[in-house]
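The block underneath contains the structure these notes are about, expressed in structure tokens.
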Amino acid sequence: MSRILARNLHGHVVRVIGQQIVNGELTPGTVLPREDLLAEQMGVSRTALREGLRVLAAKGLVEARPKVGTRIREEVCWQQLDADVLAWRCAHMPEADFVGKLVELREIIEPAAAATAARRCDGPHFERLEQAFHAMEAAADMDAWASADLAFHKAVLDATQNDLMSSLFAVVDTALGMYFEMSARSAKQFNYSLPHHRKVFEAIRKRQPEAARRAMQRMIVDSRENMETGKRPS
């Protein structure tokens, strides 16, 4: 078996069992079938199954106990900021819960990031921010818009020149990408929020931290209102 095929098989184990755990099909305390039976059910080798279960254990979703087997762990044990766990949760989370939690996350992080970016943004970081903004201006459809929108917010966090901030974005980019797409879909016009992005962009360009903070905060509030009402606020 090639290394690529082996990775695909254990990745299959991770995705299938991980999604079943996160969406509640496999509940905490449930013991998975014996290794040989589970491998047969999933159509993978026992080696691929073991590797997949090790990955799930590292994510806090399962634990192996002697004489018991592999047991599903309580949600409190999950690595909530793991990229896969977060993506699976977002995919199965009720839309209202998803929106509420993402708005809270954004309100905590992004206004401060915009203010910091206005203080620290240098030439290369500003170029990436400018490219993302112009891509938003040029977006001809919702997919292009959502991709450019995500790139813009990533560029803002990168412009803080805080490695921890950039790393945090790498963790939540899947969730934010889903959020931006949902926001665009719920609006009458997918690029309705371009003026808010322009204000953030201009405040960072002019090195105005408080203006950048306020503009980002207003953008988040506007996005939340749009998603709650399903139309562009007056």
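Just so you know, all these numbers are worked out from the coordinates, no wet-lab data involved. This one's a predicted model, so the numbers in the text were calculated from it and none came from an experiment. Neighbour counts are summed over all protein chains in view; Cβ atoms, including those assigned to glycine, are modelled from backbone coordinates with ideal geometry.
Where in segment 27-80 are there trypsin sites (Lys or Arg not before Pro) that are in a DSSP coil and have at most 11 other Cβ atoms within 10 angstrom of their Cβ?
On the way: sites: ARG34, ARG46, ARG50, ARG54, LYS59, LYS67, ARG71, ARG73; in loops: ARG34, LYS59, LYS67, ARG73.
Those that pass, being in a loop and sparsely packed, are ARG34, LYS67.
Among ALA155, ALA114, ALA48, determine the one that fluctuates most according to a GNM of the chain built with springs between C-alpha atoms less than 10 Å apart.
Result: ALA48 has the largest fluctuation of those listed.
Please find, in a Gaussian network model of the chain (springs between Cα atoms separated by less than 10 Å), the residue of CYS90, CYS121, CYS77 whose mean-square fluctuation is greatest.
Ranking CYS90, CYS121, CYS77 by mean-square fluctuation puts CYS77 first.
Once R0 is set to 35 Å, what does the formula 1/(1 + (r/R0)^6) return for the Cβ-Cβ distance between ARG15 and GLU210, expressed as a FRET efficiency to the nearest 0.05? All intermediate terms of the calculation are to be shown ahead of the outcome.
Values: r = 44 Å, r/R0 = 1.26.
Efficiency, from the Cβ-Cβ distance: 0.20.
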